[in-house]
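Structure first, then comments.
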Amino acid sequence: MEEQFSYPGIEDLRFYSKAFSEETILDYTAGRHYEGLPEAAFHWHPGKESPRPEIITGRHAAAEVLDSFLGKVFRRPPTEDETTRYLTLFLESFDADVPFDLAMQVPIVTALSSPSFLLRSEETPLGEELYAVSSIDMASRLSYFLWSSAPDEELMSAGVAGRLVDSDELLRQTDRMLADDKAIRFFERFVVQWLRTEGLGDTFRPDADRFPEVSKSRMAAMRQEGVMVFGDIIRENRSLLRLLDDQSTFMNQELAAHYGYEELVTGPEWQKVQLRDSNRGGLLTQAAVLTVSSSPRRTSPVFRGKWVLDVLLGEPPPPPPASVPPLPAEAENSGASLRELLAAHRSQAVCAGCHDKIDPYGLALEQYDAVGRLRTDEQNTFTTLWNGETLDGATDLRRFLLEEKSNTFIRHLTKKLLSYALSRDLTFPDERSVYTILQRLENESFQARTLIHEIVLSEPFRYRKNP
């Protein structure tokens, strides 16, 4: 067999639920009777059995299967040349008396190794500097934005028919996709990247000796809270400002135990919970955020303040000078000593410029421990911002962000989401589209669905510049 075929041996290409010897496969391909060999487990179409070689065989059947399969994996109709080349691979085996299902595996494996499957590429018209993304390419853009996967049959049909160049159809498909269960992929991937919580439980873990109750399953629940909140705001078309301050959140039993709501939530299912006081509400007081912006053994007002500036507001402070030492480890045992150490740190001229802006945000969150639980003993959360305004605790900080920094927050969120949708960093020409989106958002009271719609209709999403 190795001398006859240049591609991998048939025994390496089978799709069976258990392995068979090369002798068994060769007996079957040679036509010798073998009762123990079952049908292949590979499905050409979801939910349908694999075609039996004695029922569906030959060039015509193979061409139909390949035309459908290549359209799915390439996310566009295959060209005539592509269909011919992949059909030739099939015929080289089939004409040598290899059974239909085994011969079909050769072009299937080849297609799954093709750049057309592994890479997202779009048609580039020659001679045009700025051009509209084609309808079929728009199907993939929309699908990878909202589903992190290839287009489904309805979206592909709309793309092939040329309907996705129409704004109304584009928005109709967007709303359909957001209502689908697959949209959870968008919520998950975007939120954990944006909030920088994706490493919680993996690359970042609280100290196991100091916080033994924070298990891997609990950290997974912490990460998921932000995903559930963001998804609910998008699907229910609520104001994006509720990400900063809200009177509800989502919990399962694991997270409810962490927050002290175990009497209200039981079982692994996620439930929407009305919060009973102002200690919780909004991204700032979510356990995942408070944990990843802490040190493994203690809180860090510097890390938390930097998180607020960088992640929520898009105003990251410059990196510290190389000569500045870290805070000593003994600060972990006392919130008072930590505050004093930070005050001494800010008294140095080289440090004050940045820390006067960073530390107050973090000090306002000191009532929460390093894994985001409320401390039982009262902490000093009083602090003074760089502009002279005073804050006392998370409630004051949320109020300040809503009243003074809401436009900054919405602008940064818009830029992060547009960058995610485009799968690239934004450049200066994109600022015009960001400004347009922000104007529409303000006119629509910052409704979440407006942000998604305006990104899908934006110039960077619908047009490309010829490289």
- Task: Would you check if Asp152 is among the charged types (D, E, K, R) and either crowded, with 18+ Cβ neighbours inside 10 Å or modelled with pLDDT of 95 or more (or both)?
- Result: no
- Ser167 fails exactly one of the following numbered conditions: (1) under 30 Å from Gly372 (Cβ atoms); (2) at pLDDT 95 or above. What is the number of that condition? (1)
- Lone unmet requirement of (1) touching a strand residue (DSSP E or B) at 6+ places or on another chain (Cβ under 7 Å); (2) closer than 22 Å to Gly281 by Cβ; (3) of a type in the set (S, T, N, Q) for Thr408: (1)
- Any chance the range 263-282 includes a residue that's in a helix (DSSP H, G or I), within 24 Å of Gly393 (Cβ to Cβ) and of a type outside the set (Gly, Ala, Ser)? no
- Message: Looking for something under 23 Å from the mean Cα position of the chain (by Cα) and polar (S, T, N, Q) - is there at least one such residue anywhere in the range 156-172?
- Response: no
- Message: Among the residues that make up the range 412-425, is at least one of them over 30 Å from Ser121 (Cβ atoms), modelled with pLDDT of 90 or more and surrounded by fewer than 20 Cβ atoms within 10 Å (Cβ to Cβ)?
- Response: yes
- Message: So in the range 281-305, with the set limited to residues that are charged (D, E, K, R) and at pLDDT below 95, which one is surrounded by the most Cβ atoms within 10 Å (Cβ to Cβ)?
- Response: Arg298
- Task: Determine if the range 89-107 includes at least one residue that is within 20 Å of Asp152 (Cβ to Cβ) and either crowded, with 19+ Cβ neighbours inside 10 Å or modelled with pLDDT under 90 (or both).
- Result: no
- Message: Give me the helices (runs of 4 or more DSSP H) completely within the range 56-144, filtered to those with at least 1 residues that are acidic (Asp, Glu) and under 30 Å from Asp175 (Cα atoms), ordered by residue number.
- Response: 58-74
- Look at the range 244-262 and say how many of its residues are part of a loop (DSSP other than H, G, I, E, B), on the phi < 0 side of the Ramachandran plot and surrounded by fewer than 16 Cβ atoms within 10 Å (Cβ to Cβ). 2
- Given the residues Arg172, Arg185, which is the only one that is under 28 Å from Ala256 (Cβ atoms), part of a helix (DSSP H, G or I) and not hydroxyl-bearing (Ser, Thr, Tyr)? Arg185
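The values are calculated or read from the model by the stated rules, or taken from the named source; none is laboratory data. Because the structure is predicted, anything quoted here is derived from the model rather than measured. FYI the Cβ positions are ideal-geometry reconstructions off the backbone, even for glycines, and counts take in every protein chain you see.
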